[in-house]
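The values are calculated or read from the model by the stated rules, or taken from the named source; none is laboratory data. Here the structure is a predicted model, which is why all the values come from computation and not from measurement. Backbone-built Cβ (ideal geometry, glycine too); neighbour counts: all protein chains shown.
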There are 2 protein chains.
Amino acid sequence: MSTTLLSGRSLAKLIQQKAHDEARNLETDGVRPTLAVVVATDDGSTLWYVRSIERAAESAGINCRIVDLGHDATGQVLASVLKDLSAEPSVNGIILQTPLPPGVDADALVGHIAPEKDIDGANPLSLGRLAVGQPSFAPATARAVTEILDHFDIPVAGRNVVVIGRSAVVGKPLSLLLLERDATVTVCHSRSGALEKYTKAADVVVVAAGRTGLLNGGHISSGAVVIDVGTNVLSDGSLVGDVDEASVRGIAGALTPVPGGVGSVTTSLLLLHTTEAAREQSHALVRGTAV
Amino acid sequence: MSTTLLSGRSLAKLIQQKAHDEARNLETDGVRPTLAVVVATDDGSTLWYVRSIERAAESAGINCRIVDLGHDATGQVLASVLKDLSAEPSVNGIILQTPLPPGVDADALVGHIAPEKDIDGANPLSLGRLAVGQPSFAPATARAVTEILDHFDIPVAGRNVVVIGRSAVVGKPLSLLLLERDATVTVCHSRSGALEKYTKAADVVVVAAGRTGLLNGGHISSGAVVIDVGTNVLSDGSLVGDVDEASVRGIAGALTPVPGGVGSVTTSLLLLHTTEAAREQSHALVRGTAV
């Protein structure tokens, strides 16, 4: 069987264009969508990533405000900045960028991001709302997976979908998004034992464990769709996923590459979420309700 | 194979006793744990159920304050009562009893229950906190399942557990509790197609779909543990679960009966949660932190 590569790059451009169009529509309504990224690190690759978000935002007509609090910012300062940004009407979306200074607990901070501005789904309330079907933003990486499935017309309703990984940023929110789409969802993890017990029966396997070579061709059935969320940096600096691509090719029906798959869609979704947040907040203002 | 019946009644007594002991401990610290149940219906069976909670609470040394707002209470009144109870230091636990008056949206109300008093896990924030591993109360019915598994020494770590039902009150929170205990969890539902594809491979099957006779002996493997969360009232007034007991007996290794299984444990957990909430709130007062 020949394995179709599901590139995320063209999808990322489509989503970025959608964000751009929406930003223009908002501008005619007098709203300039604004994303705030709170940073408290001097880690080079993180700063590079944040600047890449800024560039993408600006090219989509979205303001990007980088709030750099320095690598020695305290939890108290971070909390107060997140509260201020949550209350600030000109800010529509907020990201708290990790890593944070040593000793600062991200879990204690994300609760300060107003849910309606929580465009990367970091506040537990966003996850809870997702679970009960109330409007909320899923983490961009989790939504990137369902956007790829939609884009390539891969159905999940009534199908057997196995998610490997149970993190709060990918595995759990993705499971909720898939359940919402009527998939039967199995969540595997490091304590699951032999993965093939589950993955061999799966129509779609999503791997989000952060372990190089975790899934190989022996784990899956012929024709299965494999979505690789892993991003592992090897010692030579190259980026690989959780899937052993060479062994999966020829068995899987389709596979997302790394790089150029799920990860390439994520930033565009942060922008789209920002415009969606701005739209919702401008409606709330018109309705006169608190956002 | 002979099927062991996993009765919940003796476990319920143990938990009720634990709540009682804890209430006594709190009393020596000057705290009388208090549960508030907000009611806005004149449905007879609901009022009967609420009075059964009240009796159980009182016999465990827990105050039970029934706040009956009448069957024509508005959403606004309900919201304001929930906010007041959330702010009232003498109240430790809050339940919003359903059904609510026609047109009143429970989803819009449960967000007003302070998470630290949300002893039946109704606020989406409680579910989100459960998902990210922060302290929170699971819905009592979901916790009743894990309490039964623990009580009868049925391990789930590394085992294949299938949950049938994806509700916000049982299926989803239970999946999170089981993942937390290292089970591999599959969530099936009305769109899953042939259930036996999943349930035949399961070590433990939990059925929480609300459909009489949904799971029968042909669905499971010999020795599987079957937990029946269903409570269906037949036209003759009798109560049955989602499991076809007669056909499962002799195949399942163990089975919870209905009535006398999961449901019988639930009320005792509402009481235990109330004492846990009271303990946590008294500590927070000592620490001088806001609860």
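Descriptive notes on the structure:
- Counted residues, segment B:78-92 - those being surrounded by 15 or more Cβ atoms within 10 Å (Cβ to Cβ) and not in a loop (DSSP other than H, G, I, E, B): 6
- Output for segment A:62-111, where each listed residue is touching a helix residue (DSSP H, G or I) at 6+ places or on another chain (Cβ under 8 Å), modelled with pLDDT under 95 and among the aliphatic types (A, V, I, L, M): A:Ala108
- Top-ranked residue of segment A:162-177 - restricted to ones that are closer than 20 Å to A:Val132 by Cβ and over 14 Å from the mean Cα position of the chain (by Cα), ranked as surrounded by the fewest Cβ atoms within 10 Å (Cβ to Cβ): A:Arg166
- Among the conditions (1) free of Cβ contacts under 8 Å to residues at least 12 places away in the same chain; (2) surrounded by fewer than 24 Cβ atoms within 10 Å (Cβ to Cβ); (3) within 11 Å of chain A (Cβ to nearest Cβ), B:Arg159 misses just one, which is (1).
- Qualifying residues in segment B:20-61 (those that are among the hydroxyl-bearing types (Ser, Thr, Tyr) and in contact with a strand residue (DSSP E or B) (Cβ under 8 Å, 6 or more places away or on another chain)) - the one modelled with the lowest pLDDT: B:Thr46
- Test result for A:Ala168, farther than 19 Å from B:Gly193 by Cβ, more than 9 Å from chain B (Cβ to nearest Cβ) and touching a residue at least 12 places away in the same chain (Cβ under 8 Å): no
- Residues within segment A:125-144 that are crowded, with 24+ Cβ neighbours inside 10 Å, touching a residue at least 24 places away in the same chain (Cβ under 8 Å) and over 8 Å from the mean Cα position of the chain (by Cα), tallied: 4
- Segment A:86-124, subset within 20 Å of the chain's Cα centre (by Cα) and of a type in the set (Gly, Ala, Ser), residue nearest to A:Ser45 (Cα to Cα): A:Ala106
- Pairs meeting the criteria (first residue in segment A:188-200 and of a type in the set (Lys, Arg), second residue at pLDDT 95 or above and surrounded by 14 or more Cβ atoms within 10 Å (Cβ to Cβ), beta carbons under 6 Å, at least 6 apart or on different chains) are A:Arg191/B:Gly158; A:Arg191/B:Asp182; A:Lys200/A:Ser221.
- Among the residues here, B:Asn63 does not qualify as surrounded by 13 or more Cβ atoms within 10 Å (Cβ to Cβ), of a type in the set (S, T, N, Q) and free of Cβ contacts under 8 Å to residues at least 24 places away in the same chain.
- Members of segment B:225-238 that are touching a Gly at 6+ places or on another chain (Cβ under 6 Å), part of a loop (DSSP other than H, G, I, E, B) and within 20 Å of B:Ile154 (Cβ to Cβ): B:Gly230
- Condition check for B:Leu195: within 16 Å of the chain's Cα centre (by Cα), within 14 Å of another protein chain (Cβ to nearest Cβ), closer than 26 Å to A:Val205 by Cα and of a type outside the set (Lys, Arg): no
- Subset tally (residues that are in a helix (DSSP H, G or I) and surrounded by 15 or more Cβ atoms within 10 Å (Cβ to Cβ)) for segment B:32-48: 2
- Remark: A:Ala131 falls outside the filter, which requires a residue to be farther than 17 Å from A:Leu82 by Cα and either more than 13 Å from chain B (Cβ to nearest Cβ) or among the hydroxyl-bearing types (Ser, Thr, Tyr) (or both).
- Pairs are defined by a Cβ separation below 6 Å, a sequence spacing of at least 6 or placement on different chains, a first member in segment B:89-106 that is at positive phi, and a second member that is among the aromatic types (Phe, Trp, Tyr) and modelled with pLDDT of 95 or more; no pair meets this definition.
- Being modelled with pLDDT of 95 or more, away from chain A (no Cβ under 13 Å) and under 30 Å from B:Val225 (Cβ atoms) is true of B:Ala144.
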